[in-house]
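One structure is given below, encoded as structure tokens.
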Amino acid sequence: DVKVTQSSRYLVKRTGEKVFLECVQDMDHENMFWYRQDPGLGLRLIYFSYDVKMKEKGDIPEGYSVSREKKERFSLILESASTNQTSMYLCASSSQGLNTEAFFGQGTRLTVV
Amino acid sequence: AQSVTQLDSQVPVFEEAPVELRCNYSSSVSVYLFWYVQYPNQGLQLLLKYLSGSTLVKGINGFEAEFNKSQTSFHLRKPSVHISDTAEYFCAVSDGSGDTGKLIFGQGTTLQVKP
């Protein structure tokens with residue numbers, strides 16, 4: 001079975017902190033994604049990566065950065081956390097191509113206080 | 001760019017009744033369409049996908065969807081729902097720009113199955 005593992009299920013951080021969300025996949029997938037999920041807004045793409053050290057901005061990249069130094073790991077970084085970044089964060093991976101399904105992690109619920 | 005619209009934010013239905021969750025997409029290129037389900041406190045999992053061929057696609061747990069190119073729709077149906085189908089359902093389209101397989105999601109539809 002494909003596994004996408006997010007390092008934390010729940011996180012509570014203070015405003016202004018630098019926050020790291022980690023994601024690891026074990027299927028040698030080229031693509032990895034970070035989405036943010038908010039009620040009524042569905043899933044919005046923050047960043048995605050199609051290869052090691054390659055990344056592209058999604059629809060809502062402001063306030064976030066990413067790192068992909070190894071194929072299996074994709075990190076989302078909140079440089080200075082703010083309360084409006086309180087949300088559910090979902091990581092996903094897929095093999096290259098338009099017709100491949102994405103596999104999702106369990107999500108990290110981040111609360112910024 | 002592709003976009004996806006799920007026309008209903010919530011769909012309440014009684015157990016054993018049929019249900020349809022509606023999804024419309026916009027695209028000027030060939031599309032690949034997906035339905036995902038998210039059970040409470042879990043990540044998303046694939047229900048079914050349309051890549052090509054037959055416009056009626058069958059998925060897991062008795063769900064099916066019909067691709068309608070002229071109406072740019074990909075509605076999800078189940079003839080008889082169970083309490084366990086209570087979840088949030090997301091329609092998605094694969095972004096045709098490049099070959100990366102970036103998924104664009106709709107806003108989600110919460111299916112509430114009542115006893």
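The values are calculated or read from the model by the stated rules, or taken from the named source; none is laboratory data. Here the structure is a predicted model, which is why all the values come from computation and not from measurement. Note that each Cβ is placed from the backbone with ideal geometry, even for glycine, and that neighbours are counted across all protein chains shown. Just the protein is used for accessible areas: all its heavy atoms, side chains included, with ligands, DNA and RNA removed. Shrake-Rupley method; radii C 1.70, N 1.55, O 1.52, S 1.80 Å.
Computed values, structure above
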| quantity | calculated |
| --- | --- |
| Whole-percent carbon and sulfur share, accessible surface of the protein assembly as shown, 1.4 Å | 48 |
| Amide H partners (placed H, <5 Å) of B:LYS102, local residues excluded | B:ASP95 |
| Charge-dipole axis of the protein assembly as shown as Lys and Arg at +1 and Asp and Glu at -1 on Cβ define it, positive-most pick from A:ALA102, A:TYR47, B:TYR89 | A:TYR47 |
| Gap separating the Cα centres of the stretch A:96-110 and the stretch A:1-60, nearest whole Å | 9 |
| Gyration tensor (Cα) of the protein assembly as shown, equivalent ellipsoid semi-axes in angstrom | 29, 21, 15 |
| Karplus 3J(HN,Hα) series, Hz, for the stretch A:20-26 with 6.51 cos²θ - 1.76 cosθ + 1.60 (x for Gly, Pro) | 10, 10, 10, 9, 10, 10, 10 |
| Residues of the stretch A:85-113 buried by at least 50 Å² on assembly (accessible area, 1.4 Å probe, chain alone as reference) | A:LEU98, A:ASN99, A:GLU101, A:PHE104 |
| Solvent-accessible area per residue, Å², over the stretch B:3-114 with all protein chains present [probe radius 1.4 Å] | 45 |
| Peptides A:58-67, B:51-60 ordered by average Cβ neighbours within 10 Å, highest first | A:58-67, B:51-60 |
| Probe 1.4 Å, protein heavy atoms only - accessible area per residue of the stretch A:4-112 in square angstrom | 46 |
| Where labels lie 7 Å past Cα in the beta-carbon direction, separation of A:THR111 and B:GLU66 in nm | 4.6 |
| Distance-filtered residues of the stretch A:94-109 - backbone nitrogen under 12 Å, label point 7 angstrom along B:GLN42 Cα→Cβ | A:106 |
| Extent along principal axes [Cα atoms of the stretch B:3-114; Å; largest to smallest] | 42, 29, 22 |
| Backbone HN-Hα couplings from phi across the stretch B:70-83 [Karplus 6.51/-1.76/1.60, Hz, Gly and Pro as x] | 5, 9, 6, 10, 8, 7, 9, 9, 8, x, 7, 8, 10, 3 |
